[in-house]
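Sending over a structure as C-alpha cells; questions will come in a sec.
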Amino acid sequence: MTRAILWFRNDLRVADNEALHAACTAHDEVLPVVIIDPKQHGARPFGFERSGPFRRRFLNEAIAGLDAELRSLGSCLRVVVADPAEALQQLVPEWRAVAVYAQRLYGWEEQEQERAVASRVALHLLAPNTLLHPDDLPFPVQRLPHVFTAFRNKVEKQWAVREPVATPARINTPEGWGGGAEHPALPHEPITEDQRAPFTFTGDRAAALARLNHYCSGPELLGSYKLTRNGLLGSDFSGRFSPWLATGTLGAREVYRAVKDYEAVHGANESSYWMVFELLWRDFFQFTAAMHGRDLFLRHGIAHKPAKGDHNTRRFEAWCEGRTGQPFIDANMRELAATGWMSNRGRQNVASYLVHDLGIDWRMGAYWFERMLIDYDPCSNWGNWQYVAGVGNDPREGRRFDAVRQAGMYDPEGAYVEHWG
C-alpha cells in the first residue's frame, strides 16, 4: 500500500483535477491538504496587507466547499497555515507518504514554492488551470509570442482543448487526517454587505456551477456577451467567472465545455466565441508568467523599459478611496472598496488613471488590486498592469484612457456614477 499527499493550490475542486486524478491512480491512499503561506497574505512593500477581507472570505468559502466535496467521496481536507516546503517536509514522513502531487503554477512566488518543496520531498507537478494544456501549444512556452494576437493566431490554427479528466468515485484517506477545514484559515474583519452591489459572490463550487449554468443557459446572456461585456451596472453583462477560476473552484475547460454545450443547442455566434477568446487571454497571461518569471513583478516589466511614476501617498490614497475628483474613476474605486469587484472596463480606466494621470508607480496599483480583488490571479493581474503601464506585452508605449471620454461612451447618462456616488 502506498500513500501520497495531494497539495491543493489554485485547484480547489475534485472535478477535472489532474493532480487529484494522478494521485488516486498511482496510490492506494491520498491525503488532501491546503497550505496557506502567511507570506502571501502579509504586508507588502507599500504598507498594506496582500489580501483583504473580501478575498479572504471568498477563499475560506472555497476551502470549506472543497472539504465538503472531499467528504462526500470518503476523504477530508487538512488546512495548514505555514511555509509549504516546511509543512510538507514534516507531513511526508509523519504520514509515511511517498510523494506529493500538486498543480503547477506560474506566478513567481509559486514557482519558488515548487522549487523549495522539490528540494525536500518527491514532488509531482501536473498541468495548471489553463484552457490549453502546456504540452499542446504549437511552440514551447519559452518561445511564446510577445503579442496576444500572434499567440491567438498560432494556437487557433492547431486548436486542441483536452477533455476533462474523470472525478474519482472514491478517495481513500486514513483516519485522523482531517480537521481544521471547518475553521476559517484566513481570519478577516467583518464585512457589511453593500446594498448597492448587484451581485454577491460566494466562494464554494456550488455557487460557481450555479453561475456557470445561469449564464450559459440561454441566448439572452452568453449569446449577447460581446455586446454587453463592457457594461458597468447589473449582474449579467459578463460571466463573472473569474473569481472561481482564480481559486480553481471552476476549471477553464469546464467553462469551455459549457460554451460548447450552449453552441450545440443555440448555435455559435460572435458572443460565444468571445467567451473562449477571453479564456485565451487568460492563458496568454499564464504562459507569459511562465516565460518571464520574476520580471512580471518588477518595475521595468518583461519589456525591460524604464517605468515612470512616484510613490506619492496622498495621490495614491485618494485613488484607493475614490477621492480623486474624477467621477468615473471614483465610482469604480468605490465599487471595488465596497464589494471586492470591478468590471473589466473599470479596471482598465482606473489603472490608466493611476499611472498616466496621477503619475504613480504602476506596482502600487497592482499591489492594491491584489489586496482588494476577490478574483486576484497573479498572472492576469500583473500582466494587465504591465500592459497598461507600457512595460509588458503591449506593442504600444502604454494604454492611456481618457476617463471623461470613456464615461461618455459607457456611462452616457451617468447612471453608474450616480449609483456609486
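The values are calculated or read from the model by the stated rules, or taken from the named source; none is laboratory data. Not measured: the values here are computed from a predicted model. Backbone-built Cβ (ideal geometry, glycine too); neighbour counts: all protein chains shown.
Contact list please: Cβ distance under 6 Å, first residue in segment 407-418 and in contact (Cβ under 8 Å) with a residue 24 or more places away in the chain, second residue assigned to a loop (DSSP other than H, G, I, E, B) and polar (S, T, N, Q), pairs at least six apart or on different chains.
Close Cβ pairs (under 6 Å, with a partner that is assigned to a loop (DSSP other than H, G, I, E, B) and polar (S, T, N, Q)) amount to 410/230.
Still on this structure, I have one more. Looking only at segment 132-184, count how many residues are hydroxyl-bearing (Ser, Thr, Tyr) and touching a Ser or Thr at 6+ places or on another chain (Cβ under 8 Å). Steps first, answer last, please.
Taking segment 132-184 first, the residues hydroxyl-bearing (Ser, Thr, Tyr) are 149, 167, 173.
The next check asks that each one be touching a Ser or Thr at 6+ places or on another chain (Cβ under 8 Å); those that pass are 173.
Count: 1.
In this structure, is residue 349 of a type in the set (S, T, N, Q), under 29 Å from residue 191 (Cα atoms), outside the structural domain of residue 275 (by TED's automatic domain parsing) and in contact (Cβ under 8 Å) with a residue 60 or more places away in the chain?
On the way: of a type in the set (S, T, N, Q): yes; under 29 Å from residue 191 (Cα atoms): yes; outside the structural domain of residue 275 (by TED's automatic domain parsing): yes; in contact (Cβ under 8 Å) with a residue 60 or more places away in the chain: no.
Judged against the criteria, residue 349 is not a match.
Please specify each residue of segment 203-230 satisfying the condition of being in contact with a helix residue (DSSP H, G or I) (Cβ under 7 Å, 6 or more places away or on another chain), buried (at least 18 other Cβ atoms within 10 Å of the Cβ) and not charged (D, E, K, R).
Correct list: 203, 208, 212, 215, 216, 221, 222, 223, 225.
Would you check which residues across segment 309-325 are surrounded by fewer than 20 Cβ atoms within 10 Å (Cβ to Cβ), assigned to a loop (DSSP other than H, G, I, E, B) and touching a residue at least 12 places away in the same chain (Cβ under 8 Å) and list them?
Of everything in segment 309-325, those that are surrounded by fewer than 20 Cβ atoms within 10 Å (Cβ to Cβ), assigned to a loop (DSSP other than H, G, I, E, B) and touching a residue at least 12 places away in the same chain (Cβ under 8 Å) turn out to be 309, 311, 312, 321.
Now for a separate question. Go through segment 373-421 and give me each residue that's of a type in the set (A, V, I, L, M, F, W, C), closer than 19 Å to residue 297 by Cα and part of a helix (DSSP H, G or I). Quick ask: steps written out before the conclusion?
At the first step, the residues of segment 373-421 found to be of a type in the set (A, V, I, L, M, F, W, C) are 373-374, 379, 382, 385, 388-389, 391, 401, 403-404, 407, 409, 415, 417, 420.
Next cut, closer than 19 Å to residue 297 by Cα only: 373, 379, 382, 385, 388-389, 391.
Answer for segment 373-421, where residues must be of a type in the set (A, V, I, L, M, F, W, C), closer than 19 Å to residue 297 by Cα and part of a helix (DSSP H, G or I): 379, 382, 385, 388, 389.
Quick check, is residue 341 buried (at least 18 other Cβ atoms within 10 Å of the Cβ), farther than 18 Å from residue 412 by Cα and over 21 Å from the mean Cα position of the chain (by Cα)?
Details: buried (at least 18 other Cβ atoms within 10 Å of the Cβ): yes; farther than 18 Å from residue 412 by Cα: yes; over 21 Å from the mean Cα position of the chain (by Cα): no.
Taking the combined requirement at face value, the residue does not satisfy it.
Return yes or no: is residue 82 small (Gly, Ala, Ser), outside the structural domain of residue 284 (by TED's automatic domain parsing) and surrounded by 23 or more Cβ atoms within 10 Å (Cβ to Cβ)? Explain how you work it out, then say what you get.
Values: small (Gly, Ala, Ser): yes; outside the structural domain of residue 284 (by TED's automatic domain parsing): yes; surrounded by 23 or more Cβ atoms within 10 Å (Cβ to Cβ): no.
Against the criterion (small (Gly, Ala, Ser), outside the structural domain of residue 284 (by TED's automatic domain parsing) and surrounded by 23 or more Cβ atoms within 10 Å (Cβ to Cβ)), residue 82 does not qualify.
Can you find a residue that is out of contact with any helix residue (DSSP H, G or I) (no Cβ under 6 Å at 6 or more places or on another chain), β-branched (Val, Ile, Thr), surrounded by fewer than 17 Cβ atoms within 10 Å (Cβ to Cβ) and under 28 Å from residue 419 (Cβ atoms) anywhere in segment 186-201?
So far as segment 186-201 goes, yes, one or more of its residues are out of contact with any helix residue (DSSP H, G or I) (no Cβ under 6 Å at 6 or more places or on another chain), β-branched (Val, Ile, Thr), surrounded by fewer than 17 Cβ atoms within 10 Å (Cβ to Cβ) and under 28 Å from residue 419 (Cβ atoms).
Right, here's the next one. In the list 106, 101, which residue meets the criterion of being within 15 Å of residue 293 (Cα to Cα) and not acidic (Asp, Glu)? Break it down into steps so the answer makes sense when it comes.
Details: 101 fails: within 15 Å of residue 293 (Cα to Cα).
Answer to the check: 106.
Each row is one residue, and each column tells you yes or no for (1) at pLDDT 95 or above; (2) surrounded by fewer than 19 Cβ atoms within 10 Å (Cβ to Cβ).
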position: 347; (1), (2): yes, no
position: 355; (1), (2): yes, no
position: 360; (1), (2): yes, no
position: 366; (1), (2): yes, no
position: 370; (1), (2): yes, no
position: 375; (1), (2): yes, no
position: 392; (1), (2): no, no
position: 398; (1), (2): no, no
position: 409; (1), (2): yes, yes
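While we're here: If residue 216 meets every condition in (1) free of Cβ contacts under 8 Å to residues at least 40 places away in the same chain; (2) on the phi < 0 side of the Ramachandran plot apart from one, which number is that one?
(1)
Taking into account only those residues within segment 291-308 that are assigned to a loop (DSSP other than H, G, I, E, B) and among the basic types (Lys, Arg), which is farthest from residue 47 (Cα to Cα)? Don't jump to the end; show me each part of the working.
Step one: of segment 291-308, the residues assigned to a loop (DSSP other than H, G, I, E, B) are 298-308.
Going one step further and asking which of them are among the basic types (Lys, Arg), we end up with 299, 305, 308.
Working: 299: 17, 305: 26, 308: 21 Å.
Within segment 291-308, the match that is farthest from residue 47 (Cα to Cα) is 305.
Any idea how many residues of segment 1-21 are in contact with a strand residue (DSSP E or B) (Cβ under 9 Å, 6 or more places away or on another chain), over 16 Å from residue 78 (Cα atoms), surrounded by fewer than 21 Cβ atoms within 10 Å (Cβ to Cβ) and modelled with pLDDT of 95 or more?
2
Please determine whether any residue of segment 359-369 is of a type in the set (A, V, I, L, M), touching a Phe, Trp or Tyr at 6+ places or on another chain (Cβ under 7 Å) and assigned to a strand (DSSP E or B).
Within segment 359-369 (the criterion being of a type in the set (A, V, I, L, M), touching a Phe, Trp or Tyr at 6+ places or on another chain (Cβ under 7 Å) and assigned to a strand (DSSP E or B)), the answer is yes, since at least one residue qualifies.
If you don't mind, another one. Consider residue 156 against the criteria (1) exposed (fewer than 12 other Cβ atoms within 10 Å of the Cβ); (2) outside the structural domain of residue 39 (by TED's automatic domain parsing): it satisfies all of them except one. Which criterion is unmet?
(1)
For segment 366-421, name all the residues that are closer than 19 Å to residue 280 by Cβ and of a type outside the set (D, E, K, R).
Matches in segment 366-421: 378, 379, 380, 381, 382, 383, 384, 386, 387, 392, 393, 395.
Suppose we filter 249, 288 for residues that are buried (at least 18 other Cβ atoms within 10 Å of the Cβ) and part of a helix (DSSP H, G or I); which single one remains? Walk me through it before giving the result.
Numbers: 249 fails: part of a helix (DSSP H, G or I).
The unique qualifying residue is 288.
Restrict the check to segment 120-133 and report whether at least one residue is part of a helix (DSSP H, G or I) and of a type in the set (A, V, I, L, M, F, W, C).
As a first pass, look at segment 120-133 and keep what is part of a helix (DSSP H, G or I): none.
Scanning segment 120-133, I find no residue that is part of a helix (DSSP H, G or I) and of a type in the set (A, V, I, L, M, F, W, C), so the answer is no.
Name the residues in segment 29-72 that are more than 21 Å from the chain's Cα centre (by Cα) and either at positive phi or surrounded by fewer than 19 Cβ atoms within 10 Å (Cβ to Cβ) (or both), would you?
Residues satisfying the conditions are 45, 46, 47, 68, 71, 72.
If only one of 410, 367, 376 is in the same structural domain as residue 303 (by TED's automatic domain parsing), more than 30 Å from residue 111 (Cα to Cα) and aromatic (Phe, Trp, Tyr), which one is it?
Numbers: 367 fails: more than 30 Å from residue 111 (Cα to Cα); 376 fails: more than 30 Å from residue 111 (Cα to Cα).
Going through 410, 367, 376 in turn, the sole match is 410.
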